[in-house]
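Since the structure comes first, as structure tokens, the remarks are kept for the end.
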Amino acid sequence: MREWNQLEYPALLFCSSFVGFVSSLTRREIRGREIIKQIYECAVMSIPVISFSLGIVSLMSVLEFSWHMRVVLRQDALVPAFSLVLTIREVAPVVTAMLLASRVGASIAAEIGVMKITEQLDQLKLLAVSEVDYLLVPRWLGCLVANVALTLISIGIAGVVTIFIGARWMGYQPGEFYNSLLLFTTGYDLAGALVKSLCFGTLIPFVSAGYGLRCALGSQGVGEAATQAVARSSLLIIIIDLFINSLWWMP
Amino acid sequence: MLELKAISKTFGNRAVLRSVSLTLNRGQICFVLGRSGVGKSVLLKTIVGLIPQDSGEVWIQSEKTDPQNEEQMVSVRQKCGLVFQMPALLDSLTLQENLEFGLKPEKLARLGKYLDWVQLSRERLSRYPAEVSFGTQKKASVVRTLLREPQFILFDEPTTGLDPVSRQVTNQMIRNVVKESHSGCIVVSHDVQSAIELASTIILLDQGQVIFQGTPESFCSSEQPLARAFCNGMVLLDH
Ligand SMILES: Nc1ncnc2c1ncn2[C@@H]1O[C@H](COP(=O)(O)OP(=O)(O)OP(=O)(O)O)[C@@H](O)[C@H]1O
Ligand SMILES: [Mg+2]
């Protein structure tokens, strides 16, 4: 049989999961409990670290922008709004996905890898339970919902941090900030961020599961699979981000 | 009837199985003996299609199996259950959930009987695999296969790692399986004593080949050096 490469294999897993999910919808056999468990593990457990990171990143970006603008233009009135646009379009979807990849991607690859080397995957075959239904679909849906929710939360947190810094250190009223924000940001930007988060939320579980399912036997194989899952997911996130940017916002 | 015809399997350049054949009827017990690493586990996995053979045929109830045909393998695996050497319970589920996993609810009716057969207490079932001993996990994995009531059961070293009492219990369980369900069993084991007590046929593998096949009596009186070594519990130093 032909060997699938590192890009084709996740794509293949995605296609079979998509078909599996649709057919389980039509059969009304959704593994609801498993899916909710995955959403909880991906989303709820990641909220603290992602909120903290995004808060810090948006604080840094406001202060940094402001410093540059003051040097060049001697005023920084538009900085909070600029900074928030950057956060919505770029920082929130990409940083969230990267953090999710390092937390959830590694754990998916390691968990499936351990299941492989302890023959649990073979056991699933013996029990006639499809690994797509049992492993992939819940992790995909969990990661997808988690990534979209976390991206929205990130944007919210970035907004709050930006308003706070604007009011506390730069002397702008929240109302002024709101007006300048409306000037620069549109629903189109938010939609772009959502498209990104949907793509990344799909990419992470399948790339990671791909490494887990094909991990070499032995604990070293599992370690390698987890590392590769994070490294490859992060790289693909950056590449796909560039790709979506060029389609979505470039003239 | 379960029939293997000249099964061969090579990993890389290492021939693990070389033209292994055997026949097993329902109600019979076939013990497969051999030194570690000779390919006993690989043999069982080829029967249920987890490792596809390079050449040779597997026939189950007059039907030739094709490991590439996943649909057919599903029905093959219903007819032919495998208990792994390692317990391979799903570690995110409790023992009870493991037993029920993918099982038709009506089949659970006999759970109590099978738990008695392996002497596994019901209280343990609410625990996760990591919270119970290896022996308990192994018993649970046996029960998981028994619940599916396959026509043939392949046991991969069911008594390895168990205390002598559990070993007797396991042997009695295999007798029960054959007597009550009239299943055929292939038991891979290092336990020659059990083989002599239980087996209808003993097969001895060496270097990927069947070097002895016969009844327990003929096994004990065999001139074959490895068979004699197994019977005497001696180590063959020149091997
Ligand atoms: N998936 C695999 N890939 C490569 N080699 C394998 C694979 N599975 C088994 N082998 C090799 O096949 C040989 C036989 O392995 P097997 O597990 O069948 O031995 P065994 O007879 O069951 O030994 P034991 O009594 O220790 O369980 C070993 O040398 C092993 O390295
Ligand atoms: Mg073995």
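Every number here is computed from the coordinates shown, using simple stated rules; none is lab data. This structure is a prediction, so every number in the text was calculated from the model and none was measured. Glycine also receives a Cβ, built like all others from the backbone with ideal geometry; neighbour counts cover every protein chain displayed.
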### Message
Sort A:143-152, B:27-36, B:176-185 by packing, meaning the average of other beta carbons within 10 Å per residue, with the highest value first.
### Response
A:143-152, B:27-36, B:176-185
### Task
Using Cα centres only, tell me the gap between the stretch A:1-59 and the stretch A:66-132 in whole Å.
12
### Task
Using θ = phi - 60° and the Karplus relation 6.51 cos²θ - 1.76 cosθ + 1.60, list the HN-Hα couplings for the stretch A:129-134 in order, rounded to whole Hz, with x at every Gly or Pro.
9, 6, 5, 5, 5, 7
### Query
Among A:133-142, A:72-81, B:217-226, what's the highest-first ranking by average C-beta atoms within 10 angstrom per residue?
A:133-142, A:72-81, B:217-226
### Task
Partner chain Cβ atoms within 10 Å, averaged over the residues of A:112-122 - can you pull that number for me?
4
### Message
Which of B:106, B:57 has the fewest other C-beta atoms within 10 Å, and how do the rest follow up to the most?
### Response
B:106, B:57
### Query
What is the diffusion coefficient of the stretch B:101-140 in µm²/s, taking the Kirkwood radius over Cα pairs and the Stokes-Einstein relation at 37 °C with a viscosity of 0.692 mPa s?
298
### Partner lysines for residue B:5 [C-alpha distance under 25 Å; skip if fewer than 8 residues away on the same chain]
A:125, B:40, B:45, B:64, B:79
### Task
Excluding residues on the same chain fewer than 8 positions from residue B:113, give the aspartates and glutamates whose Cα lies under 19 Å from its Cα.
B:97, B:100, B:123, B:149, B:180
### Query
If the cut-off is 19 Å between C-alpha atoms, which aspartates and glutamates fall inside it for residue A:196, apart from same-chain ones fewer than 8 positions away?
A:90, A:241
### Query
What's the exposure ranking of B:145, A:186, A:96, B:170, going from fewest to most Cβ atoms within 10 Å?
A:186, B:145, B:170, A:96
### Task
Can you put A:211, A:9 in order of Cβ neighbours within 10 angstrom, beginning with the fewest?
A:9, A:211
### Summary
Ordering B:38-49, B:128-139 by per-residue average of other C-beta atoms within 10 angstrom, highest first, gives B:38-49, B:128-139
